[in-house]
Amino acid sequence: MSEGILTVRELTERLRENLEGTFPFVWVRGEVTNLTRPGSGHVYFSLKDSDARIQCVWFLQQQRRRAGHGRDFDPLTGEVCDVPHPSPSEMLRNGATMLCAGRVSLYAARGQCQLVVELLQGEGRGMLALAFEERKRKLAELGYFAVERKRALPYDAGRLVLITSATGAAIHDFLTLGARRGSGAQICLFPASVQGGAAAAEIAEAIHRANAQGWAQVIVLIRGGGSLEDLWPFNEEAVAEAVFRSRIPVLAGIGHEVDVTLADMTADARAATPSHAAQLLWPPRAELAQRLDDARSALRRVAADRLAGRERSLQERTKALRWLSPSRFLARLHERLERMLSALEKIPPRRLADAEGRIVLTQNTLRANLVRALERREHALSGLTSAVENANPLAPLKKGYALVSTANGDILRSVSQTAPGREIHVRLDNGRLSAIVGVVNPE
């Protein structure tokens, strides 16, 4: 082979060395396409933009996201955290815009330029933010944030459980403002860590204890501001689930106004700050004083109306009693009698005599009609009595007849109903007797 003529392998080796020497480590942004995950565990895909495309390979041994002490970190920002979050493998999908870091090399078997990926990250978002969005999507699908399940907070709450750090600024702000509002309340503090690895379990346990106790009207969950990592216990599923399962309404006031956690979103009500939580729970004293004045005025109006109604009713009953009193009744009778006597005195004597005669005639007529009616009724009763006596089946017994029945009590109407040797019963007018049939002679 002539000097200066390269084999294909030699050329590809030189190209690979030049590429890797020129681009030992680069960050590349692009849209993922042609993603494949063969059984080897390696991941193959392309990064593209509107004008170009480059092949990428992410070898299995590079798919590690652990720092030296076993904690997760963001390869782009260096953010280190102890909370779970979506892995780069989970984020890698067709259509996603990704940031990939690695070395540019040449795949000799195909003579193809490719990016050997060492680090991979979603564009512009830290791992905690990605974990937050992924968990928010999951809880939203489970109905944790549904508006229809959220309950109203009690007005001017009188009994509440406060879950927060016993030494933080949040409890001071909350109690200071609360002391100037409302009509007074009993507060039971359930101290819990609000930052660190043990905080989520302590917060969830405090919510469960408050529900088991069943004393409070509302559960208040507060914490001061901080970074996303500082507030992360309130993004844990255990806390969100405890808030979701709570039988007692939950008010969350976590961080500052711009801070929104999954506990805030799940709670029945969200306050922008711990101080705002106190404002939502208790109205200003001036408002309560005004409501009290309004209630007093309304009570006076109701009392006045009630007394006026009772006075009217008493007056009506007094009039009724006067009208129904015995003396008043006798007076009315006396007045009627006097009017009748006056009317009689005005009637001529002849008319009175005629009226008296008509009255006597009417009495005689009524008396005669009554006698005739009684005679008719007596005659009819006598006929009914005779009919009843004639219909009596025992009446013929007085004339010497007898009523004969079998041993079973059936009336004996035919000789075919008995036979010699059978017992029969005979009823006479003045008693009964039993006999044995000796001879049967049919006719």
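What to note about this one:
- Against the numbered list (1) on the phi > 0 side of the Ramachandran plot; (2) touching a residue at least 12 places away in the same chain (Cβ under 8 Å); (3) within 33 Å of the chain's Cα centre (by Cα), ARG159 comes up short only at (1).
- Unique residue being out of contact with any Pro (no Cβ under 7 Å at 6 or more places or on another chain), hydrophobic (A, V, I, L, M, F, W, C) and outside any helix (DSSP H, G or I) when the list is ILE207, ILE187: ILE187
Rundown of residues vs (1) at pLDDT 95 or above; (2) surrounded by 13 or more Cβ atoms within 10 Å (Cβ to Cβ); (3) farther than 18 Å from LEU281 by Cβ, yes/no style:
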position	(1), (2), (3)
ARG137	no, no, yes
VAL147	no, no, yes
ASP156	no, yes, no
THR167	no, no, yes
GLN186	yes, no, no
ALA200	yes, yes, yes
ASN211	yes, yes, yes
TRP232	no, yes, yes
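- Matching residues in segment 268-287 - criterion: being touching a residue at least 60 places away in the same chain (Cβ under 8 Å) and either closer than 14 Å to ARG223 by Cα or part of a loop (DSSP other than H, G, I, E, B) (or both): ASP268, THR273, PRO274, SER275, ALA277, ALA278, TRP282, PRO283
- Considering the conditions (1) outside any strand (DSSP E or B); (2) surrounded by fewer than 11 Cβ atoms within 10 Å (Cβ to Cβ), PHE329 is excluded by exactly one of them, (2).
- Elements of type strands (runs of 3 or more DSSP E) in segment 338-443, at least 1 residues being exposed (fewer than 10 other Cβ atoms within 10 Å of the Cβ): 431-436
- Out of GLU118, GLU148, sole residue that is free of Cβ contacts under 8 Å to residues at least 12 places away in the same chain and not aliphatic (A, V, I, L, M): GLU148
Matching residues to (1) touching a residue at least 40 places away in the same chain (Cβ under 8 Å); (2) aromatic (Phe, Trp, Tyr); (3) farther than 23 Å from GLU229 by Cα; (4) touching a Leu at 6+ places or on another chain (Cβ under 6 Å):
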site	(1), (2), (3), (4)
ALA179	no, no, yes, no
SER183	yes, no, yes, yes
ILE187	no, no, yes, yes
ILE203	yes, no, no, no
ALA206	yes, no, no, no
ALA212	no, no, yes, no
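The values are calculated or read from the model by the stated rules, or taken from the named source; none is laboratory data. The structure displayed is predicted, hence computed values, not measured ones. Cβ atoms come from the backbone with ideal geometry, glycine included; neighbour counts cover every protein chain shown.
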